[in-house]
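Notes follow the structure.
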């Protein structure tokens with residue numbers, strides 16, 4: 001173990017008080033000593049994913065956060081909306097560590113041979129509490145990266161890549177043959193486009209701006225539809241007709257888009273109908289909401305028959321559904337294609353301390369496609 | 001074959017023209033001669049179910065219909081909303097017979113022994129085009145009723161009874177243990193209540209008026225919640241907590257109720273949660289929309305985690321899913337409990353000609369719980 005290893009480290013925490021105050025703080029905690037089958041990873045790159053926002057911000061509008069605490073014990077505060085409080089009952093008063101995934105270098109290891117074998121290796125890890133300087137992890141759970149891989153390249157090995165792959169797995173498992181994806185210019189959307197191109201799967205990419213459409217087209221996407229265009233509805237029908245998609249994944253959650261997608265699918269299905277079915281097409285049409293970019297209500301204007309569903313979709317339950325072996329197959333593909341299919345781009349690299357600055361939170365908390373933040377805890381040293 | 005059998009008969013038809021005009025008419029068509037394995041049923045009782053409305057009215061507001069045609073060839077007309085027209089593409093210009101189910105007496109039969117055996121019997125039948133005076137049907141498809149059963153008692157043997165039973169079957173098949181039902185004071189709702197009481201299944205009955213709540217309580221319902229009451233939200237949570245329901249069937253379709261039901265389920269599930277799950281309870285919560293009493297949009301205020309679904313539900317695909325044997329088991333139960341569990345009540349008995357009067361359509365087309373119309377085509381003789 002290098003002599004330089006400190007006794008304590010910085011860790012980012014999020015707390016909701018029983019009175020509804022959100023407190024995000026940087027606290028000093030012990031550096032854990034790895035158990036026999038564990039390693040200690042010096043964190044160098046951990047992304048701020050949309051899936052981290054719920055735990056971190058607890059539904060607080062990031063623009064309303066104010067600085068509190070001191071230089072030594074920095075903190076930001078905000079007020080949780082009253083309507084959101086019932087959902088946080090089980091976390092009230094608990095100071096929670098944050099961060100789903102990240103990568104770094106193994107700087108210490110337990111005595112087991114498999115832990116020792118990882119010393120000095122760059123690894124990607126998953127499992128919460130990544131927004132800190134040192135994270136212990138079971139050796140077996142580490143994804144060991146090829147020599148020469150930089151931690152920033154491996155920071156997002158799990159959430160986005162496995163989500164994109166699992167969308168395609170869901171498609172196959174539930175009997176669909178093509179996909180619709182919204183917020184399609186996101187890091188995740190670009191990955192999904194690369195997967196679908198590689199696997200020969202029809203993908204309808206819905207974006208919200210012309211420059212996002214151009215970006216995806218440059219990357220080879222065939223069916224790109226801009227929801228801000230006046231002819232969006234017709235172009236969506238054309239793209240669904242061109243692909244045969246009857247399944248959609250929507251990152252936005254709120255608004256009318258899920259219903260519009262179902263209506264476009266039904267229009268395409270009815271085009272080829274040979275006789276009138278009073279209940280609409282019998283082909284099941286499904287939209288899964290996997291994100292919450294728009295927290296407003298989902299407004300579904302029915303009129304696409306009775307064979308449809310809208311519902312939540314989450315990665316972890318899906319991986320449990322397909323089982324360990326199938327999950328390992330997906331992970332192996334991520335490792336093999338980390339610098340191609342599953343490459344992520346970041347617009348900003350910040351320290352843990354930066355992640356507590358109200359003006360920085362206002363930027364990464366905006367949930368805008370096109371900006372993507374990476375925390376590098378070595379900047380706090 | 002009785003000498004009195006006429007050559008022609010009256011049949012109710014619904015037509016949407018390519019220009020979007022709805023025409024409901026009474027036309028004279030031949031009385032069919034039954035094939036070898038068929039019988040001819042003189043229709044005496046055929047209900048106007050919510051599931052008949054789509055084909056009959058094509059989305060036209062019944063209050064806007066006007067009389068047209070002559071005494072000899074009566075007709076009513078109305079304008080189909082432009083927004084509904086794409087869904088009717090496959091029926092434009094086709095004059096369609098209407099009516100899902102009904103009962104009557106077998107007045108003629110083909111030469112096969114099984115057809116001959118039904119002569120004089122009262123039977124219930126399913127299969128469309130019931131709003132006429134004589135309907136031919138395969139002998140095997142007839143549900144033969146106990147001697148002494150009046151056709152009016154057997155008019156609704158299929159749609160409501162099989163739907164109510166299939167809701168309970170769906171519950172079992174998809175791993176739930178109790179149910180929520182909206183529009184619970186309807187004929188279907190009262191049947192479902194009797195089934196759940198008999199089978200010991202927890203049922204939350206959501207109604208829209210105090211008198212409907214009283215009606216269901218008189219019939220033994222334990223968990224009745226009135227959505228017009230100021231404490232609806234709390235009472236709904238109490239009822240869901242009391243039953244453990246994680247599945248709901250909603251007849252209304254539009255509005256905020258499906259989301260409110262999911263939120264109440266989530267509140268109950270979180271009560272017993274021992275640790276904070278940032279994505280909400282992992283227990284799947286489902287609302288199936290099986291009706292369209294409110295044609296407005298379904299507005300889902302999310303905030304009940306990610307393990308949820310809302311979707312359409314239809315009887316026929318469900319019966320196909322469970323297969324012939326399971327369906328026969330459900331039908332046998334209906335026949336055995338026709339005068340008890342599956343008894344229907346009608347507020348109005350009308351002729352085929354009455355069914356074309358604008359003031360009558362305005363009443364049966366209102367989709368109001370508490371009124372239920374039965375067509376008796378013998379009144380047209």
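The values are calculated or read from the model by the stated rules, or taken from the named source; none is laboratory data. The shown structure was predicted, so the numbers you read here are calculated from the model rather than taken from an experiment. Here the Cβ is made from the backbone with ideal geometry for all residues, glycine too, and neighbour counts use every protein chain on show.
Results, tabulated for the structure shown:
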{"item": "Options B:206, B:201, B:195; residue that is buried (at least 24 other Cβ atoms within 10 Å of the Cβ) and over 29 Å from residue B:379 (Cβ atoms)", "result": "B:206"}
{"item": "Filter result (within 22 Å of residue B:81 (Cα to Cα), more than 10 Å from chain A (Cβ to nearest Cβ) and not in a loop (DSSP other than H, G, I, E, B)) within the range B:252-286", "result": "B:255"}
{"item": "In the range A:287-303, the residues that are at the interface with chain B (Cβ under 8 Å from one of its Cβ atoms), more than 12 Å from residue B:301 (Cα to Cα) and assigned to a strand (DSSP E or B)", "result": "A:289"}
{"item": "Verdict on residue A:361 being more than 28 Å from residue A:177 (Cα to Cα) and surrounded by 20 or more Cβ atoms within 10 Å (Cβ to Cβ)", "result": "yes"}
{"item": "Selection count where residues are surrounded by fewer than 21 Cβ atoms within 10 Å (Cβ to Cβ) and within 13 Å of chain B (Cβ to nearest Cβ), scope the range A:237-251", "result": "1"}
{"item": "Residue match in the range A:138-148 (condition: touching a strand residue (DSSP E or B) at 6+ places or on another chain (Cβ under 7 Å) and over 22 Å from residue A:327 (Cβ atoms))", "result": "no"}
{"item": "One residue from B:234, B:325 being more than 9 Å from chain A (Cβ to nearest Cβ), part of a helix (DSSP H, G or I) and either in contact (Cβ under 8 Å) with a residue 24 or more places away in the chain or under 30 Å from residue B:52 (Cα atoms) (or both)", "result": "B:325"}
{"item": "Failed item, numbered, when residue A:341 is tested on (1) surrounded by fewer than 18 Cβ atoms within 10 Å (Cβ to Cβ); (2) closer than 30 Å to residue A:44 by Cβ", "result": "(1)"}
{"item": "Single match in A:309, A:280 (criterion: surrounded by 16 or more Cβ atoms within 10 Å (Cβ to Cβ) and either over 26 Å from residue B:284 (Cα atoms) or touching a residue at least 40 places away in the same chain (Cβ under 8 Å) (or both))", "result": "A:280"}
{"item": "Number of the exception - residue B:91 against (1) more than 14 Å from chain A (Cβ to nearest Cβ); (2) more than 19 Å from residue B:253 (Cβ to Cβ)", "result": "(1)"}
{"item": "Strands (runs of 3 or more DSSP E) wholly inside the range A:68-165 that include at least 3 residues being over 23 Å from the mean Cα position of the chain (by Cα) and outside the structural domain of residue A:189 (by TED's automatic domain parsing)", "result": "A:74-79, A:101-109"}
{"item": "Members of the range A:304-315 found to be under 30 Å from residue A:52 (Cβ atoms) and facing another protein chain (nearest Cβ under 8 Å), listed by number", "result": "A:309, A:310, A:311, A:312, A:313, A:314"}
{"item": "Residue list for the range B:19-60, filter: under 19 Å from residue B:82 (Cβ atoms), in contact (Cβ under 8 Å) with a residue 40 or more places away in the chain and touching a helix residue (DSSP H, G or I) at 6+ places or on another chain (Cβ under 9 Å)", "result": "B:20, B:22, B:57, B:58, B:59"}
{"item": "Pair list, Cβ < 8 Å and 6+ apart or interchain, from the range A:204-224 residues that are on the phi > 0 side of the Ramachandran plot to residues that are surrounded by 16 or more Cβ atoms within 10 Å (Cβ to Cβ)", "result": "A:220/A:193"}
{"item": "Pair list, Cβ < 6 Å and 6+ apart or interchain, from the range B:73-86 residues that are within 14 Å of chain A (Cβ to nearest Cβ) and in contact (Cβ under 8 Å) with a residue 12 or more places away in the chain to residues that are surrounded by 16 or more Cβ atoms within 10 Å (Cβ to Cβ) and part of a helix (DSSP H, G or I)", "result": "none"}
{"item": "In the range B:237-248, the residues that are in a loop (DSSP other than H, G, I, E, B) and closer than 27 Å to residue A:302 by Cβ", "result": "B:245, B:246"}
{"item": "Given (1) surrounded by fewer than 16 Cβ atoms within 10 Å (Cβ to Cβ); (2) within 22 Å of residue B:377 (Cβ to Cβ), number of the condition residue B:81 does not satisfy", "result": "(2)"}
{"item": "Selection from the range A:178-187 of residues that are at pLDDT 95 or above and over 26 Å from residue A:268 (Cα atoms)", "result": "none"}
{"item": "Meets criteria (closer than 27 Å to residue A:288 by Cα and touching a strand residue (DSSP E or B) at 6+ places or on another chain (Cβ under 8 Å)) for residue A:343", "result": "no"}
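To keep it simple, each residue is scored yes or no on (1) assigned by TED's automatic domain parsing to the domain that holds residue A:184; (2) more than 19 Å from the chain's Cα centre (by Cα).
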position	(1), (2)
A:266	yes, yes
A:272	yes, yes
A:275	yes, yes
A:282	yes, yes
A:291	yes, no
A:305	yes, yes
A:325	no, yes
A:336	no, yes
A:351	no, yes
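Here's the yes/no breakdown for (1) touching a helix residue (DSSP H, G or I) at 6+ places or on another chain (Cβ under 7 Å); (2) under 18 Å from residue A:303 (Cβ atoms):
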| position | (1), (2) |
| --- | --- |
| A:174 | no, no |
| A:184 | yes, no |
| A:189 | no, no |
| A:208 | no, no |
| A:211 | no, no |
| A:234 | no, yes |
| A:250 | yes, no |
| A:262 | no, yes |
| A:269 | no, yes |
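Results for (1) out of contact with any strand residue (DSSP E or B) (no Cβ under 6 Å at 6 or more places or on another chain); (2) modelled with pLDDT of 95 or more; (3) surrounded by fewer than 21 Cβ atoms within 10 Å (Cβ to Cβ), shown as yes or no for each residue.
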| residue | (1), (2), (3) |
| --- | --- |
| A:14 | no, yes, no |
| A:25 | no, yes, yes |
| A:39 | no, yes, no |
| A:42 | no, yes, yes |
| A:52 | yes, no, no |
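Per-residue answers, yes or no, for (1) closer than 26 Å to residue A:57 by Cβ; (2) surrounded by 19 or more Cβ atoms within 10 Å (Cβ to Cβ); (3) out of contact with any strand residue (DSSP E or B) (no Cβ under 9 Å at 6 or more places or on another chain):
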residue: A:95; (1), (2), (3): yes, no, no
residue: A:98; (1), (2), (3): yes, yes, no
residue: A:108; (1), (2), (3): no, yes, no
residue: A:125; (1), (2), (3): yes, yes, no
